[in-house]
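The structure appears right after this line, and notes come after that.
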């Protein structure tokens, strides 16, 4: 880690809310979403000239399996802080995926989705995944919050399907969409991005429907929200608040879409609030070992150390891709070993650490209990 990078991290942790408590929060995006369905799909797309190998998400990420969650839960259950709390993942989940069969039957004129619990039925070794979601919440080691109805820009994707985009259609036939290629002008992953201002009304309906579906599945309202790919226009914050969201997890530096290809840069600071009172909680640490061969354990420990020295909680980004083994079991197993090393070092270096979920952190900040 360079001195310049560390200085930037120190400065970015300076403003706004602070605490003398050593708090660690793990936030993990993308659970429930289809990414790469299989290695057969990967090879088919690769042979067709689609550069699927240009991102670790396509190499390693897929819908989670029973085994993935069993292995992750075993690690999390092994460790405790000094008051008995296990490390807790806040998985930011989508609760739907496209219904490919119905969309195709409509000749790409109408969008349909299915609950992710239906998607699970088509995957080997995933029949207990939803039970594990609920078990994780009960044991307070894996407490789902809202990442979106689906991890998909529906309007953009459907437009390209209807127009006959060759690469979009090929991915569709393989029941996925998360690709980039020279034929695809705008990405499909950022669900809340938009191309026309009038699309905001559609996005409001997606948020409302998604949060209602989340409540129907989980039996509780999501209080936290991470927009897919960190992209959202804050005009949507009223809809989020009306449907139960209290905490908005945004990037420290965020590109806010304005429509018509325009964006503005927002600087987000821990403890600040939107105009309608949503509490903003940006991440300030990273643990993404699937993305490279870097020393992620020590890099993350350095991020945590900077956070604590600047009297901030350590809020760690660690995507689902790091814990998935169906495409490459070494990906999951090697990264879980690194997670064990990270947790062991956290407890060793900071014996007074407290593990919290995103919701617990937000509740305590609002209640003024941690300053």
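Comparing 235, 145, 189, which has the greatest mean-square fluctuation in the GNM of the chain with Cα pairs linked when under 10 Å apart?
235
Starting from the Cα gyration tensor of the stretch 1-159, take the square roots of the eigenvalues, sort them a ≥ b ≥ c, and report rounded, prolate or oblate (rounded when a/c is under 1.5, otherwise prolate if a/b is larger than b/c, else oblate).
Prolate, because a/c is 1.5 or more and a/b exceeds b/c.
Calculated from DSSP H runs of 4 or more alone, at -39500 (n - 2.57) each and per residue, what is the 222 nm mean residue ellipticity of the chain, nearest 500?
Taken over the chain, the calculation gives -12000 deg cm²/dmol.
Among 236, 183, 211, determine the one that fluctuates most according to a GNM of the chain built with springs between C-alpha atoms less than 10 Å apart.
183
Can you tell me which of 216-223, 93-100 comes out highest on packing, and rank the rest after it, using the mean Cβ neighbours within 10 Å?
93-100, 216-223
Whole angstrom only: what separates the Cα centroid of the stretch 171-197 from the Cα centroid of the stretch 268-335?
Between the Cα centres of the stretch 171-197 and the stretch 268-335 lies a distance of 25 Å.
Taking R0 as 25 Å, what FRET efficiency do you get between residue 128 and residue 163 from their Cβ-Cβ distance, rounded to the nearest 0.05?
About 0.05, to the nearest 0.05.
Tell me the angle of helix 329-349 to the major Cα principal axis of the chain, expressed in degrees between 0 and 90 and rounded to the nearest ten.
20
Note the angle between two axes, namely the Cα long axis of helix 66-78 and the longest principal axis of the Cα atoms of the chain, as a number of degrees from 0 to 90, rounded to the nearest 10.
With both axes taken from Cα atoms, the answer is about 10 degrees.
Among 256-265, 113-122, what's the highest-first ranking by average C-beta atoms within 10 angstrom per residue?
Descending packing order for the listed peptides: 113-122, 256-265.
Mind jotting down a quarter of the surface of the convex hull over the alpha carbons of the chain, in square nanometres, one decimal?
With the hull built on Cα positions only, its mean projection is 17.4 nm².
Just to confirm the number: angle between the C-alpha axis of helix 129-139 and the first principal axis of the chain, 0 to 90 degrees, nearest 10?
Its long axis makes an angle of about 20 degrees.
From the square roots a ≥ b ≥ c of the eigenvalues of the alpha-carbon gyration tensor of the stretch 240-371, which class results: rounded (a/c under 1.5), prolate (a/b over b/c), or oblate?
oblate
Against the empirical 2.2 N^0.38 Å scaling, what ratio does the C-alpha Rg of the stretch 155-280 come to?
1.15
With the Cα gyration tensor of the stretch 113-216 giving a ≥ b ≥ c as the square roots of its eigenvalues, does the rule (a/c under 1.5 for rounded; else a/b larger than b/c for prolate; else oblate) give rounded, prolate or oblate?
Oblate is the answer for the stretch 113-216, as a/c is 1.5 or above yet b/c matches or exceeds a/b.
In percent, what relative contact order does the chain have, based on Cα pairs under 8 Å that are 6 or more apart in sequence?
Answer for the chain is 26 percent.
With the convex hull built on the Cα atoms of the stretch 287-350, state its orientation-averaged projected area in nm².
4.2
Readers should treat all values here as calculations from the given coordinates under stated rules, not as data from a laboratory. Since the model is a prediction, treat every value here as computed from it, not as a measurement. Quick reminder, even Gly has a Cβ in these numbers, built from the backbone with ideal geometry, and neighbours come from all protein chains shown.
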